[in-house]
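Asks: First, the structure itself, so that you have it in front of you.
The values are calculated or read from the model by the stated rules, or taken from the named source; none is laboratory data. The structure displayed is predicted, hence computed values, not measured ones. Glycine also receives a Cβ, built like all others from the backbone with ideal geometry; neighbour counts cover every protein chain displayed. Ligands, DNA and RNA are stripped out before the accessible areas are found, and what is left, the full protein with its side chains, is counted by its heavy atoms. Shrake-Rupley method; radii C 1.70, N 1.55, O 1.52, S 1.80 Å.
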Amino acid sequence: MSRSTAEPAGASDQPLGELGRFAEPALYILVSLSDGPKHGYAIMTDVEATTGSPMRPGTLYGALARLERRGLIEALEPEDRRRPYRLTALGATTLQVQLDHLRAFAQAGLARLGREPS
Amino acid sequence: MSVLLSLYPKRWRERYGDEFAELLAERPPSLRDRLDIVAGALDARIHPQLAGSAARPERVSDRFGFAPLLGLVAFASAVVLAATGPVMYDDYGSYRDGGAALPFIILAFVLLSLGLYRVIEGLPRNAVAARAAGWTAIVAGLVWSPMPWMLPIAVVFMLGTVGLAIGARRAGTWPTWALVLLVVALAAPTALFGASLFLPWYWLRTSGIEPVVFFACIGAPWPLVAGVLLRGTPRPMPA
């Protein structure tokens, strides 16, 4: 769902798809941070527990840097050498929009299969 | 570890180096992790994200913000025309005939409505209350513009605008300073016009209060909506 730069500067203009190969890891990170701040290792273990797939360090920090750059997450004060991250208001809104899109997509797919979503 | 870290650009290491090293200490990297780190370092060099506290997210403005800006000119023209209109007399005293201002004030509200619509579009789907407030402000503004003497409609317009701004603030698309300015600017006219619900319609004219000042306060949404849209919110850079 691409938009031109003339579109309003709102949360729905933050398609994670523009993050390329980091879009999916970025979504996982946003979901992981949605229940509270976490540092890198906690995000990795949480994503692995949630998705069943490991998130590797290079991918994690490539996605973290992009999310922070776009103001979707923010870093907190370091605890020892570990730095927690948390969702910003814009990040929470963007996550909500992304999840709404995924839900609509899933419902459309299930409807085509003749299986109404539960 | 230091070899893997050294593959990253210096600025990246300054920002993420400590926590990245700590992460690798907590979870020693496998061969696939090492390959991923090499790819990550290459990506950090090709697509630097300028990470760090000094980096500011890129903002892309919404050119539709020029609509309320033009609306502000129309609104200011309307206020000037209304304040300098011919003096008329009736049973309740004298007043300025602001009929010449009507086309300008209607135009001002049409242009503001465009801006408000863009703010509504930027809200998440579940921001039902804020969307309703925004549409209320648009409808009330458009209804009020050809009959500015109907002050109760002005109250609805102003409350709707504030409701939309609060929702947009929660969504992260309306800065706090703009919300504060909006509330401060609209507080007095909202209270005044709200009082008109319980007082005779000619109360404002006979109160000794200069109506132009309060109508000028109602102009706050125009520059603020324009400012919010033209300022933009953080947008992705092409990766």
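To keep it simple, each residue is scored yes or no on (1) under 20 Å from the mean Cα position of the chain (by Cα); (2) surrounded by 18 or more Cβ atoms within 10 Å (Cβ to Cβ); (3) not hydrophobic (A, V, I, L, M, F, W, C).
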site	(1), (2), (3)
B:Ala100	no, no, no
B:Leu107	yes, yes, no
B:Leu112	yes, yes, no
B:Val119	yes, yes, no
B:Arg131	yes, yes, yes
B:Val143	no, no, no
B:Met147	no, no, no
B:Ala154	yes, yes, no
B:Thr161	yes, yes, yes
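Asks: Let me ask something else about it. Would you call B:Met158 modelled with pLDDT of 85 or more, within 23 Å of B:Val87 (Cβ to Cβ) and away from chain A (no Cβ under 14 Å)? Step through it out loud before you land on a result.
Replies: Working: modelled with pLDDT of 85 or more: yes; within 23 Å of B:Val87 (Cβ to Cβ): no; away from chain A (no Cβ under 14 Å): yes.
Spelling it out, it is not the case that B:Met158 is modelled with pLDDT of 85 or more, within 23 Å of B:Val87 (Cβ to Cβ) and away from chain A (no Cβ under 14 Å).
Asks: Looking at the stretch B:12-23, which of its residues are facing chain A (nearest Cβ under 7 Å) and either open to solvent by 60 Å² or more (accessible area, probe 1.4 Å) or under 11 Å from A:Asp80 (Cβ atoms) (or both)?
Replies: Hits for the stretch B:12-23 are B:Asp18, B:Glu19, B:Glu22.
Residue-by-condition table, conditions (1) closer than 27 Å to B:Pro200 by Cα; (2) part of a helix (DSSP H, G or I); (3) not basic (Lys, Arg):
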| residue | (1), (2), (3) |
| --- | --- |
| B:Ser113 | no, yes, yes |
| B:Ile120 | no, yes, yes |
| B:Leu123 | no, no, yes |
| B:Asn126 | no, no, yes |
| B:Ala137 | yes, yes, yes |
| B:Gly141 | yes, yes, yes |
| B:Gly160 | yes, yes, yes |
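Asks: Could you tell me how many of the residues in the stretch B:198-239 are at pLDDT below 85 and within 14 Å of another protein chain (Cβ to nearest Cβ)?
Replies: Number of matching residues: 9.
Asks: Which pairs do you get when a residue that is more than 9 Å from chain B (Cβ to nearest Cβ) and of a type in the set (A, V, I, L, M), found in the stretch A:71-98, comes within reach of a residue that is open to solvent by less than 40 Å² (accessible area, probe 1.4 Å) and part of a helix (DSSP H, G or I), reach meaning Cβ atoms under 6 angstrom, with the pair 6+ apart or on two chains?
Replies: Close Cβ pairs satisfying both conditions: A:Ile73/A:Leu67; A:Ile73/A:Gly91; A:Leu87/A:Leu33; A:Leu95/A:Leu30.
Asks: Restricting the first residue to the stretch B:24-41 and requiring it to be at the interface with chain A (Cβ under 7 Å from one of its Cβ atoms), which pairs with a second residue that is in a helix (DSSP H, G or I) and of a type in the set (A, V, I, L, M, F, W, C) meet a Cβ separation below 6 Å and a spacing of at least six or different chains?
Replies: B:Ile37/B:Leu4
Asks: What residue, among those in the stretch A:19-33 that are out of contact with any helix residue (DSSP H, G or I) (no Cβ under 6 Å at 6 or more places or on another chain) and not aliphatic (A, V, I, L, M), is farthest from the other protein chains (Cβ to nearest Cβ)?
Replies: Filtering the stretch A:19-33 for residues out of contact with any helix residue (DSSP H, G or I) (no Cβ under 6 Å at 6 or more places or on another chain) gives A:20-21, A:24, A:31, A:33.
The next check asks that each one be not aliphatic (A, V, I, L, M); those that pass are A:20-21, A:24.
On the way: A:Gly20: 5, A:Arg21: 8, A:Glu24: 13 Å.
Here the answer is A:Glu24.
Asks: Given the conditions (1) open to solvent by less than 30 Å² (accessible area, probe 1.4 Å); (2) farther than 24 Å from B:Leu31 by Cβ, and given that A:Arg82 satisfies all but one, which numbered condition is not satisfied?
Replies: (1)
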